[in-house]
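Notes follow once the structure below has been shown.
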Amino acid sequence: FFFFVSPTMTRRRAAAIFLLFALTSTGCDAFSAPVTPPEISTPVVICPGFGNDSIDYEAPLSQPREVGFISALERRGFDPEAIYTVPVKRGDWIRVAGGLLDPGFYTNQALPTGRGYGWYIRRLKQCVDEAYEASGGEKVLLIGHSAGGWLARAAMGDGVWNEAGEEGGEIRTSDRIRCLATIGAIHRPPQDLGTCVTRGALAYTNEMYPGAFLKSEGVAYVSVGGDAVVGNNAKDMPVEPTDADEAYRVRGEGNAQRVAFTSYEAVCGQGEVTGDGVVPLDWSILRGSDDGTGDGAVHLSLDDTFHSINEAGTTIPTDRWYGAEGVVDRWLPAVLEEAGIAEGKTKQIGGFADGLAKLFQFQ
């Protein structure tokens, strides 16, 4: 193509027109063209689920780092230096057995800060403080996976983060955390409290800090659940069995639906419900109390989304869990919006169009 340059046209304006011709001739829209995601300075703290290791969110099942959840966040503009994972080794979860030494364990009155889970909450709060300080005082986006979701709620507590800060004043949870996003988390105990494996710790958390408990203080809440597998106790193999189904069959567990049935029944007391293969969808919803306290959380239900990095109870990787590359964009934008982070990204994306408009200004 060619265009005519008037003798009175400045070189600046001519260059702008040339750029516009170049963009449109290649089918590129200057206002919607893909751009490199801007760096998001908000620190992120990932809270691992029960049985998970911190490495599961970086290089799951010894796969390349690019497959991991942390890498997916980096590709979406989060600062690699500002993404933290609560430091947990798989063997650390044996410490939950410490709850056996807690008298409340036997009466379903165990506290989340007690012997069973207190160690996790202390590490979580320390990790949040570290992320906050390293960022120069930016509030943290907390992402709780599985049990990490309700444990994050327990750590946030009644809104008091520390009784006294360095200058003697109280530090509020809302001074440290801007948003809690939970993915595949269990948010309430089973209908029969006597069957809850947390022995009261989850029930205490949900009763004392229901739903979006700190929303009035500016903390946003988003809960995300999967709708992938309906529990079924039948042992019949599916018409088109997966590798996971075959693994379950060899172990005498039937198939994925039967494994889900067992898990759902343990979580909520009913097996024939839908969920992410481990957590029933309805139990992943962060609801307020009956009197309206704690209302206000946003909830997303994702079709065909599984609980974790592997098919439940196997070492078979899955690319359909909450933190997978193809799934993250189905829930992360809502989190950014609730956390007040999306606005900054929009402004930076619009900067290209603004710059182009300025090129056309001519005096």
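Values quoted throughout were computed directly from the atomic coordinates according to the rules given, and no laboratory measurement underlies them. This structure is a prediction, so every number in the text was calculated from the model and none was measured. Cβ atoms come from the backbone with ideal geometry, glycine included; neighbour counts cover every protein chain shown.
Summary table below
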read-out	value
Three semi-axes of the equivalent ellipsoid, the range 46-124, Cα gyration tensor, whole Å, largest first	32, 13, 8
Descending semi-axes in Å of the range 163-240, equivalent ellipsoid built from Cα gyration tensor	37, 17, 10
Highest average packing first - 125-132, 157-164, Cβ atoms within 10 Å	125-132, 157-164
Sites ASP236 and GLU66, calculated FRET efficiency, Cβ-Cβ separation with R0 41 Å, nearest 0.05	0.60
Cα point-scatterer Debye curve for the range 80-161, base-10 log of I(q)/I(0) at q = 0.21, 0.27 Å⁻¹	-1.02, -1.40
Gain in span if fully extended, THR107 to THR293, counting 0.36 nm per residue against the direct Cα distance	64.3 nm
Calculated FRET efficiency for the pair ALA134/ARG90, C-beta based, R₀ 30 Å, to 0.05	0.70
Environment charge of TYR120, counting only residues whose C-beta is closer than 11 Å and scoring Lys/Arg +1, Asp/Glu -1	+3
Pairwise centroid distance, computed over Cα atoms, of the range 323-338 with the range 184-199, Å	27
